[in-house]
Amino acid sequence: MKKIICYLLIIMILTGFAFGQTEMAKSPGSKIIDSLTIGKIELAIPEVGKEVERVTIDNGIVLYLYQSNKLPIFNLSATIRCGGIFDPFEKNGLSGIVGTVLRTGGSKTITGDSLNIIMEFMGGSLETWISDERGSASLSVMSKDIDLGLQLFADLIRNPAFPQDKLDLAKADIKNGIKRRDDSPNSVVGRYFANTIYGDHPYGRILEWESVKGITPQDLIDYHQRYFVPNNIMIAISGDFDKAGIIEKIKKYFGDWQKSDQPLPPYPEVKTEYHPGVYQVWKDINQAYMKIGHLGIKRDNPDRYAIQLVNYILGGGSFTSRLTSRVRSDEGLAYHVSSSFYTGGRDLGAFGAECQTKSATAYKATKLITDEIKRIRDESVTEDELEDARDATINRLVFEFDSPHKIVTALTNLEYDGYPMDYYNGHFDRFRKITRDDIKRVAQKYLQPDKLTYIIVGKPETFEKPLDEFGKVTNIQIAPPVIE
Amino acid sequence: MHKRLFLPLAAILLIAAFTVQAQTGEIKLDAKKQTLSNGMRVLVLENHSAPVFSGMIRFNTGSVDERPGITGISHLLEHMLFKGTKIIGTNNYKAEAPLMHKIDSLAHLFRSEQEKLSNPLNLQDSTRLKELRQQMADVQSEQKKYVVKDELWDTYLNNGGTSLNASTGNDGTQYYVSLPKNRLGLWAFLEADRLANLILREFYSERDVVMEERRLSENNPWGKLDEALSATTYWSTPYKWPVLGWMSDIQTVTREEVEAYFKSHYSPSNAVAVIVGDVNAEEVFKICEENFGKIPAQPLPPPVITRDAPQEGERRIEIEHTSNPMAFIAWKIPQIGHPDLPALEVAANILSNGRTSRFYKNIKVKKLGDVWAYAENARYPGTFVCSATPMPDHSITELETAIYAEIDRLKSESVTDWELEKVRNQVDASFIRSLESNMGLCWRLAGSEAVTGNWHHFIDHQMAVKKVTADDIMRVVNKYLIKKNRSVAYIVKTEESKSQPAYPKEG
């Protein structure tokens, strides 16, 4: 069995810097590095109206197009405004099932099994899935198969069949997932963290068989009718095609699809409540898996750029972040330690630091992480730390646009998530103007050590010291999942 | 809405015509190769579609090159290549060198003490061990004032580096990063410097990190199962231990042992550097000669001699674990380059790739479980592996029976022309898609060149896959995928340990 073990298991979105370098003499090699890093890093930010075209079809479908004829490849990604966030509590899991059965069930004219045969034979793919706040449908074919691909894609998205047998298969998969959810400590820690922070809000709900088992084909049909309407869909297309021709084809396959005037349901709001304390979940493992955090910010918060840098310096910047430097590099306590300030959703995200350490150092790691969260509030970061965080954040932007499909989806996502279309153009200035004082101010405002929730999975009786100094301890015994 | 009703057959004919039309050319890739004066090979593939490049250095050294006592050393060495050199990661190498020697001496005393304590005939008093550990920690913190933390990592990130990492496998170790195009000189300097001037700084805390990494795998049921499978499948070949190594070996290996391994295994002639992206090949060769060419040539490390004798019966290993049941099944197959491998790969593809695969149609759709098959292309004789996860209400035994039924069917019935044609189309399509990823191409080129000495091998292999016939498949399945030749590792669920304290139930 081939095994590949990486130096760093998880490549974080933002990734390093060195703490305390200002006080230290530089390395002899740093002069050579300076001489090799003089050239400005070239960055062409794609823009609507230039490389990328934005077109609205009469029925409301928004198209983003980027033509690139270098390779005979055609890629399409559709985004549908829907998601688990709208699932009623008693039908939790419905969105995910719709996303699965939409594809496996096929359309009213072509079965899912036939679709499998056609797509796999042409070496293409057509997939659909729905997450918390986004429905997605993708088509990838060689450019010689564009017509057939588009025809199948449109037919599936517009006329899905949702047959009982494929619904049953999707439910069996969910049942299996629920049955196995405690097999890995990672999934346990993630589940308890989200649920403790968000409670029964869709961001924190635990998927149970109870809400899934009663879902019927009619639920899926109703869902599709409500959300899969042209004025609720954006389509990003890249690759080897002729721009004018492809717009005509989209009109041909989607043009007679009728708009809907039914508004989206209201978004359930995250309650601004905190649940500080130490929650110990007992599991028979030789490490403590921990996640420590609290509610975060909304993505339209003007402080989010400064927060992004705070997080980079604290634990988002992988190796040389303060957490990795202290917990991993200095003390050898963990393979992986990091922090994140999630802003992917439209409501309040979460701040969280995570780490796995042997049981005998559970207290020590918890203490080091807590201290670092406090320290970035209490002391200013150094100019070097800030500079590193800014450079890394700005200079990696070129990789957001290094393939045709990344270019076109980057711009589509801006519109979907409600960012200004010149978001990337302003990136440089936004990060450049952030000062050490800004960092301290936002760290103090958005990191709240007295409100931290500590989820610790492991065997507390084997920790070197109790964790009660971090908050009131609640012991949790995992109940076996109910799948009857 | 279109009214045309597609039937599978109609679709096949329609698409087959297209496919034949498109299949006029052989798969081609215009990579350039040059060997430096010290034997290091450099491969370049120009791709000017974005102003970036990916770089990878691969050594033909992995856990298969280890021996008992130093298992996991390839992987630990990989970690150490991020710890700096004589000029990077330090502000005063001369001043820290004596401290590192001091740590080394303490580490030797520590190791003797560990050995003493591992023998029950000796007095079980760990006082001295604790003292030594403290002394090591004290010198380590003294050294800290000379350490510039993670300077290589830092420099790459500040210059826009992404996909930055390294990894170790059974067969090889690779170091990689993607950078903006005008950072090629920086890449060559940093990579050559860590090969020429490596210092194994902060070794003992990094060894602790690797022990934590091992524990992560111990707490993951697939990790446990994988380890059990290798140890059961291989009685002799050094594929028998995990890439991470055995805990006993990691916790006793010394800095000097890792250094010696580095010197014997990281010879320039044992390395391949690959650059794919917006670069000029001639310029890359020049920069590589300037930077890597300075590293002195040295002999190749010894080849791996030990092989397993032919297996003479099914082997089964059971692991009791709190997780739900799952299993691995492995059949021994030949090594890379053997003419039977393409047919085994096609068999794996027909069995498990996609929703038209046999496992999906006959096992998954019947809600028995998830099964996945894979034929290795390994440096030494490897395995054809199936992983199996039963769905609720089904056992490992039921799933195994269903898997063997599918394999037996391959032994007696020819696969269809449609299945073979599908595989051929997928080879072409996935090859074209692969051209979009600089890093993906680095993996293929580096792996092919390091293991076979011929970067073109992966393309030759794909061409051979396209030529596989139904008879080839029937022959290789009958030859290798037989009971006598297989090993099965599976998890049997146990309740969470009895030692669990009586906490109130949740909810």
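See the values below:
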item: Which numbered condition residue A:395 misses (of (1) touching a strand residue (DSSP E or B) at 6+ places or on another chain (Cβ under 8 Å); (2) free of Cβ contacts under 8 Å to residues at least 40 places away in the same chain); result: (2)
item: Residue within the stretch B:154-164 that is of a type outside the set (Asp, Glu), at the interface with chain A (Cβ under 9 Å from one of its Cβ atoms) and at positive phi present; result: yes
item: Residue list for the stretch B:31-56, filter: among the hydrophobic types (A, V, I, L, M, F, W, C) and away from chain A (no Cβ under 13 Å); result: B:31, B:36, B:40, B:42, B:43, B:44, B:45, B:56
item: Among residues of the stretch B:223-252, those that are of a type in the set (A, V, I, L, M, F, W, C) and under 19 Å from residue B:486 (Cα atoms), counted; result: 6
item: Residue satisfying condition, being more than 10 Å from every other protein chain (Cβ to nearest Cβ), touching a residue at least 60 places away in the same chain (Cβ under 8 Å) and farther than 29 Å from residue B:221 by Cα, within set A:94, A:126; result: A:94
item: Lone qualifier among B:428, B:417, B:471 - being on the phi < 0 side of the Ramachandran plot, more than 14 Å from chain A (Cβ to nearest Cβ) and either touching a residue at least 60 places away in the same chain (Cβ under 8 Å) or surrounded by fewer than 19 Cβ atoms within 10 Å (Cβ to Cβ) (or both); result: B:471
item: Residue list for the stretch B:240-267, restricted to those being closer than 19 Å to residue B:291 by Cα and touching a Phe, Trp or Tyr at 6+ places or on another chain (Cβ under 7 Å); result: B:266
item: Cβ pairs under 8 Å, 6+ apart, first in the stretch A:154-179 and closer than 17 Å to residue A:207 by Cα and in the same structural domain as residue A:76 (by TED's automatic domain parsing), second among the aromatic types (Phe, Trp, Tyr) and surrounded by fewer than 21 Cβ atoms within 10 Å (Cβ to Cβ); result: A:174/A:209; A:175/A:209; A:178/A:209
item: Some residue of the stretch A:48-68 being in contact with an Asp or Glu (Cβ under 8 Å, 6 or more places away or on another chain) and exposed (fewer than 14 other Cβ atoms within 10 Å of the Cβ); result: no
item: Hey, residue A:248 of a type outside the set (S, T, N, Q) and within 30 Å of residue A:477 (Cα to Cα) or not; result: no
item: Qualifying residue in the stretch B:57-67 (condition: within 30 Å of residue A:44 (Cβ to Cβ) and either of a type in the set (Phe, Trp, Tyr) or surrounded by 15 or more Cβ atoms within 10 Å (Cβ to Cβ) (or both)); result: yes
item: Filter result (small (Gly, Ala, Ser) and not in a loop (DSSP other than H, G, I, E, B)) within the stretch A:152-190; result: A:154, A:170, A:172, A:177, A:187, A:190
item: Selected residue (criterion: farthest from the other protein chains (Cβ to nearest Cβ)) from residues of the stretch B:357-377 that are within 22 Å of the chain's Cα centre (by Cα) and surrounded by fewer than 23 Cβ atoms within 10 Å (Cβ to Cβ); result: B:372
item: Criterion (closer than 22 Å to residue A:353 by Cβ and within 14 Å of another protein chain (Cβ to nearest Cβ)) met by exactly one of A:393, A:453, A:409; result: A:393
item: Unmet criterion (only one of (1) more than 9 Å from chain A (Cβ to nearest Cβ); (2) surrounded by 17 or more Cβ atoms within 10 Å (Cβ to Cβ); (3) outside any loop (DSSP other than H, G, I, E, B)) for residue B:422; result: (1)
item: Residue within the stretch B:279-290 that is β-branched (Val, Ile, Thr) and not in a loop (DSSP other than H, G, I, E, B) present; result: yes
item: Pairs with Cβ under 6 Å, 6+ apart, first in the stretch B:211-230 and more than 15 Å from residue A:289 (Cα to Cα), second of a type in the set (Gly, Ala, Ser); result: B:221/B:323; B:223/B:217; B:225/B:489; B:228/B:489; B:229/B:330; B:229/B:489
item: Test: residue in the stretch A:261-280 that is assigned to a strand (DSSP E or B) and of a type in the set (A, V, I, L, M); result: yes
item: Of residues in the stretch A:142-151 being buried (at least 22 other Cβ atoms within 10 Å of the Cβ) and at the interface with another protein chain (Cβ under 8 Å from one of its Cβ atoms), the one nearest to the chain's Cα centre (by Cα); result: A:142
item: Test: residue in the stretch A:184-191 that is at the interface with chain B (Cβ under 9 Å from one of its Cβ atoms), crowded, with 18+ Cβ neighbours inside 10 Å and at pLDDT 95 or above; result: yes
item: Residues satisfying the stated conditions in the stretch A:153-170, i.e. among the charged types (D, E, K, R) and buried (at least 20 other Cβ atoms within 10 Å of the Cβ); result: A:155, A:166
item: Unique residue being more than 17 Å from residue B:388 (Cα to Cα) and assigned by TED's automatic domain parsing to the domain that holds residue B:47 when the list is B:283, B:345; result: B:283
item: Residue that is surrounded by the fewest Cβ atoms within 10 Å (Cβ to Cβ), among those in the stretch A:325-338 that are more than 8 Å from chain B (Cβ to nearest Cβ) and in a helix (DSSP H, G or I); result: A:326
item: Test: residue in the stretch B:440-447 that is within 14 Å of chain A (Cβ to nearest Cβ) and surrounded by fewer than 19 Cβ atoms within 10 Å (Cβ to Cβ); result: yes
item: Residue within the stretch A:44-58 that is outside the structural domain of residue A:412 (by TED's automatic domain parsing), over 30 Å from the mean Cα position of the chain (by Cα) and touching a residue at least 60 places away in the same chain (Cβ under 8 Å) present; result: yes
item: Some residue of the stretch B:246-259 being buried (at least 21 other Cβ atoms within 10 Å of the Cβ), at negative phi and in contact with a strand residue (DSSP E or B) (Cβ under 6 Å, 6 or more places away or on another chain); result: no
item: Test set (1) touching a residue at least 40 places away in the same chain (Cβ under 8 Å); (2) within 20 Å of residue A:325 (Cβ to Cβ); (3) part of a helix (DSSP H, G or I) - residue A:371 fails condition number; result: (1)
item: Residue under evaluation residue B:205, criteria (1) surrounded by 22 or more Cβ atoms within 10 Å (Cβ to Cβ); (2) touching a residue at least 60 places away in the same chain (Cβ under 8 Å); (3) in contact with a Gly (Cβ under 6 Å, 6 or more places away or on another chain); (4) not in a strand (DSSP E or B), criterion not met; result: (1)
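The values are calculated or read from the model by the stated rules, or taken from the named source; none is laboratory data. Given the structure is predicted, the values throughout are model-derived calculations rather than measurements. Neighbour counts are summed over all protein chains in view; Cβ atoms, including those assigned to glycine, are modelled from backbone coordinates with ideal geometry.
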